[in-house]
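Below: the structure, in structure tokens.
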Amino acid sequence: MGAFAIDVRGLTKRFGHKLAVNAADIAVPEGEVWGFLGPNGSGKTTTIRMLCGLLHADAGEGTCLGYDFRTQPEQIKREVGYMTQRFSFWEDLSIRENLEFVARVYELPDARGAVTAMIERLGLTTRQHQLAGDLSGGWKQRLALSACMLHSPKLLLLDEPTAGVDPKARRDFWDEIHRLSGDGITVLVSTHYMDEAERCDRVVFINLGKIVARGTVGEVIARSGLFTFIVEGDGARALAVKLRGEPGVEFAAFFGAALHASGRDRAALERALAPFRGAPGLTFHEAAPSLEDVFIQLQEQGNGDQP
Amino acid sequence: MNRRFSAARIAAILAKELVQMRRDRLTFAMIVGIPILQLLLFGFAINNDPKHLPAAVAISDPGVFSDSIVAALANSGYYEIKLATNSPAAARRMLAEGQVSFVIDIPANFSRDIVRGAQPSLLIEADATDPASASNAVGAIGRIAADALRDDLKGPLARRIQTAPPFLTIVHPLYNPEGLTQFNIVPGLLGVILTMTMVLMTSMALTRERERGTYENLLAMPTHPAEIMIGKISPNILVGMLQSVLVLLAARLIFGVPMIGSLSLLGGVLVVFIAANLAVGYTFSTIAQSQLQAMQMMVFFLLPSILLSGFAFPFRGMPVWAQWIGEALPVTHFLRVVRGILLKGNGPAEIWPDVWPLILFLFAAMAIALLRFRRTLD
């Protein structure tokens, strides 16, 4: 026991009549990197905010780093690094001033020294006096990550940290996450990028406030029971329109130029595709569904359940 | 179709603005509600011809004449006799503390001198720190007192009225003998300027963090609400003290305002007063959703601070309910303190009745701010 950095059950949050998070159970073992997936407005940010004491949970129990998340938010805040979705450092302070402020709020014994070391590690020594507001998106993100790492937290809660960041910066960011994880830090990171999700030890998929899938990427794909056919060729665009709404086709979506037609009933899916097989310029082949296929299917399924 | 100036586009922008205005309910309520509220409030409260001014009568010659004069002053409506005493010192202390605006001194042998036709003097000491408010009442006093004696001076004494006034009225405008309005207004301005700038400074304190998105970060860190409040209020105390020094220098060098009392005592009260206003502004920022709303609250607080505090209009001219509102504003008490120290030379004992309300106000505002402070984003 004690091996879980996050261990909460029945986490629930209402905003008025809307159920933002509905009885979510999350147990993240120490040292793992978990991806938190779900469409916009599905409850990812709300869940993360409840975990670090920024929102009151309407129901639920459990611990975060061994502290009761409902009654000990102050202790949790000391040991958690939380990176907000929107850049939330002071744009009218310089990089160094921002970091020094954070270091002093956490009462680090040698705030200046810790900040100097962090700035050197980031390679920001020459730009340390630049105002945070003047930084590009990628640098803002690096500043935010290093600021929430300053107090050596045991758990990182990262809310869409790579939104709006270029591919190179995203890769660097994830290399850093894995390095931190290697040091024993637990990470819960929400994202919309499937390639990022695939770099996580486990993913949790939340839709409309409910956790609808969890496990390793392989497990989530396998459990989805989804079959996918890939259609390529010049007529694929026109075909997508025709296939949508056909029995057996749960969704038809483009990945690049290729059309993915997916459904859980393999026979029905084949029946729907049959009339188009052999059409000139179209090639059909079956493939393992990708995580994104599963993502879309889970989302569509959830929306279908809605009254 | 692609005209450079299009009525349809103006209509589109206009419609968008109207919708946005309607969505911001609190702002809309303030735009509609505040003018009506303030019109009623100030319309009824402000009166340039104050009546029922508190006065003390020091009677060194008790008798029929004194009784008649005291009764007539009370009946005139201009005066409310708070104290009728045989001790001139007690009456003068009330004047220094600001509990009364006038002391009417009926000298020893007043009755005997009237009967003898020796024209004794009725001495009126007026608190001239606010020259405008006292002038009507002072003007009326000689006539009121003379009329009062008409009934008493009968038979052989009737002569005393017919030939010449039975006594002389001597008015001593204390604390501001020349009745210079600046001596009243300039120290008052110190209070009003500080109220305006200090409340403005902190009313943005949290709304700015909220609008820029940094509030979430501040809350995610292990910060206590009291730490945030004290950290945000304290630096502005220095700003307020700097402003005070500038205003007081100008008061002395440009307007020649006398500074009789202790400046370090005034400095101590200034710290409390500045902190109280900063706490009010900070409380606003815990309530307002945006910087605009905080600004509106600031204006809502500022107007009564100018109009009901005794700065712009005589405090004692206002109806009692308006005086109660005035008593609830820190600037009202500060005006009495600053005028008392600078013009009257008041010490700690005389100003204390107006200092404790400031301290109470400071702690009340901070308590409300801490209660209102949301530790979560709910």
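All of the numbers you see were taken from the coordinates with simple rules; none came from a lab. Remember, it's a predicted structure, so these values are computed and weren't measured experimentally. Cβ atoms come from the backbone with ideal geometry, glycine included; neighbour counts cover every protein chain shown.
Treat the count of other C-beta atoms within 10 Å as a stand-in for reagent exposure and order B:I193, B:I31, B:I59 from fewest to most. Walk me through the numbers before you get to the answer.
On the way: B:I193 15, B:I31 12, B:I59 22.
Lowest to highest Cβ neighbour count: B:I31, B:I193, B:I59.
Once the Cα gyration tensor of the protein assembly as shown is found, what semi-axes does its equivalent ellipsoid get, as square roots of 5 times the eigenvalues, in whole Å, sorted largest first?
Values: eigenvalues 1230, 155, 89 Å².
Square roots of five times the eigenvalues give 78, 28, 21 Å.
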Taking the Cβ of each residue in B:T214, A:T125, B:T332 as the centre, tally the other Cβ atoms inside 10 Å and list the residues starting with the fewest. A:T125, B:T214, B:T332
Treating only the Cβ atoms of Lys and Arg (+1) and Asp and Glu (-1) as charged, compute the dipole magnitude of chain B about its Cα centre; round to the nearest 20 debye. 1200 debye
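Mind scanning A:K77/A:K210; A:K18/A:K168; A:K44/A:K154 and naming the pairs with a C-alpha gap bigger than 31 Å? Numbers along the way, then the final one.
Values: A:K77/A:K210 25 Å; A:K18/A:K168 38 Å; A:K44/A:K154 20 Å.
Too far apart for the 31 Å limit: A:K18/A:K168.
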Compute the Kirkwood hydrodynamic radius of the range B:1-134, taking the inverse of the mean of 1/r over all pairs of distinct Cα atoms, and give it in Å to one decimal. 19.8 Å
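Relative to the compact-globule scaling 2.2 N^0.38 Å, provide the ratio for the alpha-carbon radius of gyration of the range B:181-372.
Values: Rg = 17.1 Å, N = 192, 2.2 N^0.38 = 16.2 Å.
Normalised by 2.2 N^0.38 Å, the Cα Rg of the range B:181-372 equals 1.05.
Kindly work out what percent of the DSSP beta bridges joining two residues of chain B are antiparallel, to the nearest 5. Working shown, then result.
Details: 4 of 22 bridges.
Bridges in chain B are about 20 percent antiparallel.
Can you sort B:S285, B:S309 by how many other beta carbons sit within 10 Å, fewest first? Write out the running numbers ahead of the final one.
On the way: B:S285 29, B:S309 25.
Ascending number of Cβ neighbours within 10 Å: B:S309, B:S285.
Can you order the peptides B:12-21, A:261-270, B:108-117 by their average number of other Cβ atoms within 10 Å per residue, highest first? Before the final figure, lay out the partial values.
Values: B:12-21: 10.2, A:261-270: 18.5, B:108-117: 15.4.
Listed from highest to lowest mean packing, they are A:261-270, B:108-117, B:12-21.
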Straight-line reach from B:K51: which lysines have a Cα under 22 Å away, not including same-chain ones fewer than 8 places off? B:K82
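How many partner chain Cβ atoms sit within 10 Å of a residue's Cβ in peptide A:82-90, on average, as a whole number?
Details: counts 5, 2, 5, 2, 5, 4, 10, 4, 5.
Going residue by residue through A:82-90 and averaging, the value is 5.
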Principal axis dimensions, largest first and in whole angstrom, of the range B:216-272 by Cα: 53, 20, 8
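Run lengths n ≥ 4 of DSSP H only: what is the helix-derived mean residue ellipticity at 222 nm for chain A, with -39500 (n - 2.57) per run over all residues, to the nearest 500?
On the way: 11 runs with 110 residues, N = 307.
About -10500 deg cm²/dmol.
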Can you find, among B:L238, B:S203, B:T27, the residue sitting farthest towards the positive end of the charge dipole of chain B, where Lys and Arg contribute +1 and Asp and Glu -1 at Cβ? B:T27
Given charges at beta-carbon only (K, R positive; D, E negative), |dipole| of the protein assembly as shown in Debye: 1500 debye
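Counting each DSSP H run of 4 or more residues in chain B as -39500 (n - 2.57), what helix-only mean residue ellipticity at 222 nm follows after dividing by all residues, to the nearest 500 deg cm²/dmol?
Working: 16 runs with 245 residues, N = 378.
Taken over chain B, the calculation gives -21500 deg cm²/dmol.
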Charge dipole (chain A, unit charges on Cβ, about Cα centre) - positive-most of A:N303, A:V203, A:G218: A:N303
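What is the gain in length, in nm to one decimal, between B:M259 and B:Q289 on full extension, counting 0.36 nm per residue of separation less the C-alpha to C-alpha distance?
Details: separation 30, 0.36 × 30 = 10.80 nm, distance 4.31 nm.
Taking 0.36 nm per residue and subtracting the Cα distance, the gain is 6.5 nm.
Average partner chain C-beta neighbours within 10 Å, per residue of B:208-220? Let's see the in-between values first.
Numbers: counts 0, 2, 0, 0, 8, 7, 10, 1, 8, 13, 4, 8, 14.
Partner Cβ neighbours, averaged per residue: 6.
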Using Cα atoms only, what is the angle between the long axis of helix A:291-305 and the major principal axis of chain A, expressed in degrees (0 to 90) to the nearest 10? 80 degrees
Label A:H192 and A:D25 with points 7 Å out from Cα along Cα→Cβ: what is the distance between them in nm? 3.1 nm
Inverse mean reciprocal Cα-Cα distance (Kirkwood Rh) of chain A, Å: 21.3 Å
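Given the protein assembly as shown, what percent of its DSSP beta bridges are antiparallel, to the nearest 5? Mind dumping the intermediate values first?
Details: 41 of 76 bridges.
In the protein assembly as shown, DSSP labels about 55 percent of beta bridges as antiparallel.
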Setting aside same-chain residues fewer than 8 positions from B:K344, which lysines have a Cα under 19 Å from its Cα? none
Taking Cα atoms only, helix B:181-203 is inclined relative to the longest principal axis of chain B by an angle, in degrees rounded to 10, of 20 degrees
Pair-distance profile P(r), taking every C-alpha pair of chain B, with 20 angstrom steps and integer %: 24, 43, 23, 8, 1, 0
Sites B:A89 and B:N48 - FRET efficiency at Förster radius 35 Å, r taken between beta-carbons, to 0.05: 0.60
Which angle from 0 to 90°, rounded to the nearest 10, does the C-alpha axis of helix A:111-122 make with the longest principal axis of chain A? 40 degrees
Considering the options B:T214, B:L342, B:L41, tell which one lies farthest towards the positive end of the dipole of chain B, charges being +1 on Lys and Arg and -1 on Asp and Glu at the Cβ, about the Cα centre. B:T214
